[in-house]
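Everything on this sheet refers to the single structure shown next.
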Amino acid sequence: MNTEKKGFASRWGFILASVGSAVGMANVWGFPNKLGANGGGAFLLIYLFFVFIFGYVALPAEFAIGRMAKTGTLGAYDAAWKTRNKNLEKAGGLIGWLPLIGSLCISIGYAVIVSYVLKALVSSITGNLMTTDVQLWFEGFSFESYSVIPYHIVVVVGTLLTLLLGAKSIEKSNKIMMPIFFIIFAFLAVCVMFLPGSANGYKFMFTADWKQLANPLVWIWAMGQAFFSLSVTGSGMIVYGAYLADSEDVVSASKNTAIFDTIAAIVAALVIIPACFSYDLDVGAGPSLLFVTLPTILQDIPLGQLFAIILYVAMIFAGISSLQNMFEAVAESLLNKFPKLSRNFVLLLLCIICLGVGVGMEAISQWGPWMDLISIYIIPIGATLGAISWFWIMKKDVLMSEINKGTKKPHGDFWYNMGRFVYVPFAIILCMVALFMKVAF
């Protein structure tokens, strides 16, 4: 692949695209939901601890592997395993299919959720959301077959159209979407600040219940949230690294990505949690935070319809930017694996698969179990295989050579050992506990 033609045009374009991939539903309802259900300030401290580790080691590794291979998931695993032994190249390529399939599967369910957000946006624009019983409204389409197909088509086709030019399309769209996303949520956070009783929400967020630090499940939830929020999946961020110039410092870029992603999560929590306390609503309500809790609040404040439109526009931006990464990871890998295919054909194929399977899930209202299956099994296992591939299979000198390209102060044993003896064990623990929890509960 010619990175001069297909790569990101600027460092900030790359960072904003990476932030766009990381910022999504995991930030806007996942983080406030888990923060609310796991002790508030204590969860936040643990979450920040894991964000530091993953932002310092895991993200740079995935960016570096992609840049070294100059392609997406499948080629990256080939290249990583080949450094250990040429005969292992095929084995690496086979292992790479699991995280790649994970990216495709999560995008299928994710597109359905973004379709719900688009429906909420349309209902906000028409004013219907401001006058209806939001609980009945949400149940009316979330449990009804084929209820969001038109929105689903718009989301999938619209996202794929933004990928026609590869990195250039991704960069240009995220330069618009990400700044607007942050501005919108910062504005909403200021508005929520003036709600009566909102101060209790801030107290809950930033006052730690130290007893929660002894609860292993709080650590697991915080680690899992950091893991997924940063899009460390063993697949998605690899393709963005493939579009990165050798002159860029991947560790520095990863730090910026982690910082902006964390800011997005905290700002979203500053909107949702104080508002929930103001209205005495459940801060751990999950998806209904977006489709029941927030509309209930917006119905009862001045200019609520305007704020609803602003909120769901921001959510559309967050959803599409994440879908871009998932689709691009699959498209670039297939184009590299099967070079005779055209980009337009691969994107059309992804459109057919995503819509076909997604509509099937709508027919039986199974997008929730589908997302649970992928997030509990395929994504953690794929990410763990990636971590093992970079820090235990790939030769150290090859990885460190790629990590140190573009940096003024080379990283050494400390960075590598953080990956090998801290990040990889955490990934394995998360994977094993997630599997145990699924079996046990």
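The values are calculated or read from the model by the stated rules, or taken from the named source; none is laboratory data. Remember, it's a predicted structure, so these values are computed and weren't measured experimentally. Methodologically, a virtual Cβ is constructed for each residue, glycine included, from the backbone with ideal geometry; neighbour enumeration extends over all protein chains shown. Only protein heavy atoms, including side chains, enter the accessible area calculation; ligands, DNA and RNA are left aside. Shrake-Rupley method; radii C 1.70, N 1.55, O 1.52, S 1.80 Å.
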Task: Accessible area expressed per residue, the chain, with surrounding protein chains retained (probe 1.4 Å, Å²) - done: 39 Å²
- [ ] Heavy atoms only, probe 1.4 angstrom, no DNA, RNA or ligands counted: give me 246, 397 ranked by accessible area, highest first.
- [x] 397, 246
TODO: Compute the relative contact order of segment 217-369 as a whole-number percentage, counting only Cα pairs closer than 8 Å that sit 6 or more residues apart in sequence.
DONE: 21 percent
TODO: Before anything else, pin down the relative contact order of the chain: Cα pairs under 8 Å, at least 6 apart, normalised by residue count, whole percent.
DONE: 36 percent
TODO: Could you pull out every one of the lysines with an alpha carbon less than 24 Å from that of residue 211, ignoring same-chain neighbours closer than 8 positions?
DONE: 34, 203
Task: Formal net charge of residues neighbouring residue 288 (Cβ-Cβ distance under 11 Å; K, R +1; D, E -1) - done: -2
TODO: Take the chain, connect every pair of alpha-carbon atoms lying under 10 Å apart with a spring to form a Gaussian network, then pick out the residue of 193, 205, 223 with the largest mean-square fluctuation.
DONE: 193
Task: Amide H contacts of residue 233 (H built 1.01 Å from N, under 5 Å, at least 5 apart or other chain) - done: none
Task: Dipole of the chain, positive direction: furthest Cα of 183, 129, 50, with charges on the beta-carbon - done: 50
TODO: With a point put 7 Å past each Cα toward its Cβ, work out how far residue 133 is from residue 422 in nm, to one decimal.
DONE: 5.3 nm
Task: segment 167-222, accessible surface, carbon-and-sulfur percent (1.4 angstrom probe) - done: 75 percent
Open item on the list: Using only Cα atoms and rounding to the nearest 10 degrees, what angle (0 to 90) does helix 216-229 make with the longest principal axis of the chain?
Closed with: 70 degrees
TODO: Would you calculate, for the chain, the mean residue ellipticity at 222 nm contributed by helices, counting each DSSP H stretch of 4 or more residues as -39,500 (n - 2.57) and dividing by all residues, to the nearest 500?
DONE: -23000 deg cm²/dmol
TODO: Treating the angle as unsigned and between 0 and 90°, give the value, to the nearest 10°, between the Cα long axis of helix 41-53 and the longest Cα principal axis of the chain.
DONE: 20 degrees
- [ ] Specify which residue in the list 350, 404, 224 is farthest towards the positive end of the charge dipole of the chain, using unit charges on the beta carbon of Lys, Arg (+1) and Asp, Glu (-1), about the Cα centre.
- [x] 404
- [ ] Pairs to check: 86/255; 70/395; 70/405; 70/337. Give those whose C-alpha atoms are more than 24 Å from each other in this structure.
- [x] 86/255
Task: Extension gain, residue 395 back to residue 125 (0.36 nm per residue minus Cα-Cα distance, nm) - done: 91.7 nm
Task: Cβ charges +1 (Lys, Arg) and -1 (Asp, Glu), total dipole of the chain, debye - done: 1460 debye
Open item on the list: Give me the net charge for the shell around residue 181: Cβ to Cβ below 14 angstrom, other residues only, Lys and Arg +1, Asp and Glu -1.
Closed with: 0
TODO: Might you report the magnitude of the Cβ-based charge dipole of segment 141-282 about its Cα centre, with Lys and Arg at +1 and Asp and Glu at -1, to the nearest 20 debye?
DONE: 140 debye
TODO: Compute the distribution of all C-alpha to C-alpha distances in the chain, in bins of 20 Å from 0, and list the percent of pairs in each, rounded to whole numbers.
DONE: 27, 59, 14, 0
- [ ] Measure nothing fancy, just the Cα-based angle from helix 149-161's long axis to the longest principal axis of the chain, in degrees from 0 to 90, nearest 10.
- [x] 40 degrees
Open item on the list: Through the Karplus equation 6.51 cos²θ - 1.76 cosθ + 1.60, θ set to phi - 60°, convert the phi angles of segment 393-408 into ³J(HN,Hα) values in whole Hz; use x for Gly and Pro.
Closed with: 9, 4, 5, 4, 5, 5, 4, 5, 4, 6, 4, 8, 5, x, 9, 7
- [ ] Beta carbons within 10 angstrom, averaged per residue: use that to sort the peptides 125-138, 176-189, highest first.
- [x] 176-189, 125-138
TODO: Between 272, 108, 95, find the one with the highest GNM mean-square fluctuation for the chain; connect C-alpha pairs within less than 10 Å.
DONE: 95
TODO: Please label the shape of segment 172-220 as rounded, prolate or oblate, based on the square roots a ≥ b ≥ c of the eigenvalues of the alpha-carbon gyration tensor (a/c under 1.5 means rounded; beyond that, a/b larger than b/c means prolate, else oblate).
DONE: oblate
Task: segment 41-169 - Rg over Rh from alpha carbon coordinates, Kirkwood radius - done: 1.12
Task: Under 15 Å, Cβ to Cβ, from residue 42 - net charge with Lys/Arg +1 and Asp/Glu -1 - done: +2
Task: Among 292, 51, 28, residue whose mean-square fluctuation peaks in a GNM of the chain (springs only between Cα atoms under 10 Å) - done: 292
- [ ] Could you tell me whether segment 215-348 comes out rounded, prolate or oblate from its Cα gyration tensor? Rule is a ≥ b ≥ c as square roots of the eigenvalues, rounded for a/c under 1.5, then prolate if a/b exceeds b/c, otherwise oblate.
- [x] prolate
